[in-house]
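Heads up, the thing below is written out as structure tokens.
The values are calculated or read from the model by the stated rules, or taken from the named source; none is laboratory data. Since the model is a prediction, treat every value here as computed from it, not as a measurement. Please note: Cβ atoms are built from the backbone with ideal geometry, for glycine as well, and neighbour counts cover all protein chains shown. For accessibility, only protein heavy atoms count, side chains too; no ligands or nucleic acids. Shrake-Rupley method; radii C 1.70, N 1.55, O 1.52, S 1.80 Å.
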Amino acid sequence: MHQDEPMLKNNALKGKTIVVTGGGTGLGKSMASCYSALGANVVITSRKIEVLEAAAAEITKETGQPVHPVACDVRSEEDIEGLLKATLEKFGRVDGLLNNAAGNFISPTERLSAKAFGVIIDIVLKGTVNCTMAFGKHWIKEKQAGTVLNIVTTYASTGSGYVVPSACAKAGVLAMTRSLAVEWAKYNIRFNAIAPGPFPTKGAWDRLVPEPLKDKISMEKRIPLKRVGEHSELSNLASYLMSDFSAYINGEVVTIDGGEWLQGAGQFNQLEAVPAPMWDAIETAIRGKKGSS
Ligand code: HXC
Ligand code: NAP
């Protein structure tokens with residue numbers, strides 16, 4: 001068995017219809033493929049219909065399952081109503097919403113215009129709120145259970161310089177995840193989040209590790225496991241959290257980052273840089289102080 005394979009049983013998501021925002025590229029496309037491989041009817045959505053159509057055809061070719069591409073800007077309530085309608089017309093029902101669409105770029109915060117700050121908040125926070133409200137109200141009206149999975153980041157909890165609009169927006173998404181997990185549990189609507197560390201995608205790397213920075217920062221070096229994530233590792237987790245196998249998990253955020261954020265947090269983790277032979281001298285120095293104070 002290899003970690004690239006779907007972890008869940010065949011047909012674990014059969015009979016479910018799952019909508020994946022930002023599902024035509026990167027991690028959204030990988031998670032949509034995994035849902036499809038597990039038997040789900042999948043709707044992928046983003047702003048670019050040509051990208052969605054190509055991705056849908058590619059996934060269906062691999063899995064034999066229907067994948068429906070629908071153009072929708074998550075900032076537009078009207079587009080989202082259209083997305084919900086198109087999903088119900090195509091598959092007759094909807095069971096899961098994966099809020100994955102995002103916008104981001106690195107920049108010193110003082111260089112940002114109000115519009116630059118706002119565009120990230122609008123896509124990430126308001127886009128997630130808009131989709132969640134539309135699908136949630138549908139489930140409540142139909143008295144039907146639903147599952148919402150939100151993709152955040154590890155800096156949703158810690159904060160991070162140079163991606164401040166994204167950090168503010170993802171923190172808001174995390175607060176909504178935990179708040180509605182409690183408030184809407186009575187409607188059988190479950191909320192969870194995943195906080196990924198670095199998983200290379202073109203969309204993220206073009207904006208977070210652009211050419212002039214490529215040689216200056218190494219994602220791998222700061223991760224205790226010394227590697228970036230594999231898309232299949234994230235997809236398997238996202239499949240479990242979308243499936244009924246996780247029915248009792250509600251309001252949780254699962255970090256999948258090879259230990260990256262803790263590496264930055266632990267006060268003495270920098271001692272990793274101490275060469276092994278130096279530990280003899282360090283131990284001798286510490287023992288030599290015994291009884292001196
Ligand atoms: C400063 C910038 C800028 C930059 C854009 N702006 N890029 N300001 N530095 N690099 C400013 C513009 O000048 C403008 O402000 C405002 O932002 C809006 O820009 P538009 O280009 O008009 O916006 P739009 O076409 O809507 O595009 C949105 C976008 C774009 C977010 C800027 O990058 C995009 O479409 N991204 C979608 C995909 C994406 O970002 N994927 C990465 C997700 S990765 P003014 O005032 O000048 O008009 C991720 C990973 C996190 O989240 C963790 C990783 C480890
Ligand atoms: P990506 O390929 O750029 O994905 C972002 C997606 O969002 C794109 O498909 C984009 O499609 C869509 N999108 C952007 N604005 C939209 C809008 N207004 N309406 C609808 N769709 C919109 O980047 P990714 O790396 O796969 O990121 C996916 C998710 O993982 C994001 O939530 C990101 O924050 C999160 N994440 C990624 C990493 C990483 O290392 N890659 C780490 C932590 C968290 P269109 O341009 O066609 O609209």
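When the helices in the chain are scored as -39500 (n - 2.57) per DSSP H run of 4 or longer and the sum is shared across all residues, what 222 nm value do you end up with, to the nearest 500 deg cm²/dmol?
Mean residue ellipticity, 222 nm, calculated: -13000 deg cm²/dmol.
For the stretch 20-25, take each phi angle, set θ = phi - 60°, evaluate the Karplus expression 6.51 cos²θ - 1.76 cosθ + 1.60, and give the result in whole Hz per residue in order, putting x for glycine and proline.
10, 7, x, x, x, 9
Quick check: net charge around Pro196, other residues with Cβ under 14 Å of its Cβ, Lys/Arg +1 and Asp/Glu -1?
-2
Mind jotting down the distance between the C-alpha centroids of the stretch 254-268 and the stretch 90-132, whole Å?
Value for the Cα centre distance between the two parts: 25 Å.
Going by amide H atoms built from the backbone, whose H comes under 5 Å of the H on Gly103, apart from near neighbours?
Hits under the 5 Å cutoff: Val124.
May I ask you to order 16-29, 184-197 by the average number of other C-beta atoms within 10 Å around their residues, highest value first?
16-29, 184-197
At a Förster distance of 35 Å, what's the computed FRET efficiency of Ile121 paired with Lys90, Cβ-Cβ distance as r, to 0.05?
That pair, Ile121 with Lys90, gives E of 0.70.
To the nearest 10 degrees, how steeply does helix 231-242 sit against the main Cα axis of the chain, on a 0 to 90 scale?
60 degrees
Between the stretch 1-36 and the stretch 173-248, how many Å separate their Cα centres?
14 Å
Using the heavy atoms of the protein chains and a 1.4 angstrom probe, tell me the accessible area per residue for the chain in square angstrom.
54 Å²
Please give every one of the lysines within straight-line cross-link reach of Lys221, meaning a C-alpha to C-alpha distance under 26 Å, and leave out same-chain neighbours fewer than 8 residues apart.
Lys170, Lys202
Would you compute, for the Cα atoms of the chain, the largest minus smallest coordinate along each principal axis and list the three values in descending order, in whole Å?
Largest to smallest, the principal-axis extents are 77, 48, 39 Å.
Starting from the Cα-Cα distance between Glu5 and Ala114, subtract it from 0.36 nm times their residue separation and give me the gain in nm to one decimal.
34.8 nm
Which of the peptides 228-240, 31-43, 274-286 is most tightly packed, and how do the rest follow, going by the mean number of other Cβ atoms within 10 Å of each residue?
31-43, 228-240, 274-286
If I fit a long axis through the Cα atoms of helix 127-142 and take the longest principal axis of the Cα atoms of the chain, what angle between them do I get, 0 to 90°, rounded to 10?
That helix lies at roughly 50 degrees to the long axis.
Report the extension gain between Trp279 and Glu220 in nm, rounded to one decimal, defined as 0.36 nm multiplied by the number of residues separating them, less their alpha carbon distance.
Between Trp279 and Glu220, full extension yields 18.7 nm more.
Would you calculate the separation in nanometres between label points at Asp206 and Glu142, each defined as 7 Å from the Cα along the Cα-to-beta-carbon direction?
Spacing of the two 7 Å Cα→Cβ label points: 3.4 nm.
Which entries in the list Lys16/Lys137; Lys48/Lys214; Lys90/Lys115 go over 26 Å, if you measure between the two C-alpha atoms of each?
Lys48/Lys214; Lys90/Lys115
Out of residues 5 or more away from Phe191 or on other chains, whose amide H comes under 5 Å of its own, with H placed 1.01 Å from N in the peptide plane?
Amide H neighbours of Phe191: Val148, Gly251.
In whole Hz and in residue order, list the ³J(HN,Hα) couplings for the stretch 270-282 that follow from phi through the Karplus curve 6.51 cos²θ - 1.76 cosθ + 1.60, θ = phi - 60°; x for Gly and Pro.
5, 5, 3, 7, 6, x, 3, x, 5, 5, 4, 5, 5
Summarise the accessible area of the chain (1.4 Å probe, protein heavy atoms) by the percent that is carbon and sulfur.
55 percent
What is the distance, in nm, between label points placed 7 Å from the Cα along the Cα-to-Cβ direction at Tyr248 and at Glu58?
3.9 nm
From the backbone phi of the stretch 167-182, what are the Karplus-calculated ³J(HN,Hα) couplings (6.51 cos²θ - 1.76 cosθ + 1.60, θ = phi - 60°) in whole Hz, Gly and Pro given as x?
For the stretch 167-182, the Karplus-derived couplings read 4, 5, 5, 5, 5, x, 5, 5, 5, 5, 4, 6, 5, 6, 4, 7 Hz, x marking Gly and Pro.
I want to verify the translational diffusion coefficient of the stretch 1-134 in µm²/s; compute it with Stokes-Einstein, Rh as the Kirkwood radius over Cα pairs, at 25 °C and 0.890 mPa s.
159 µm²/s
Between Leu213 and Ser76, what is 0.36 nm times their sequence separation minus the Cα-Cα distance? Round to one decimal in nm.
My answer for the length gained is 45.9 nm.
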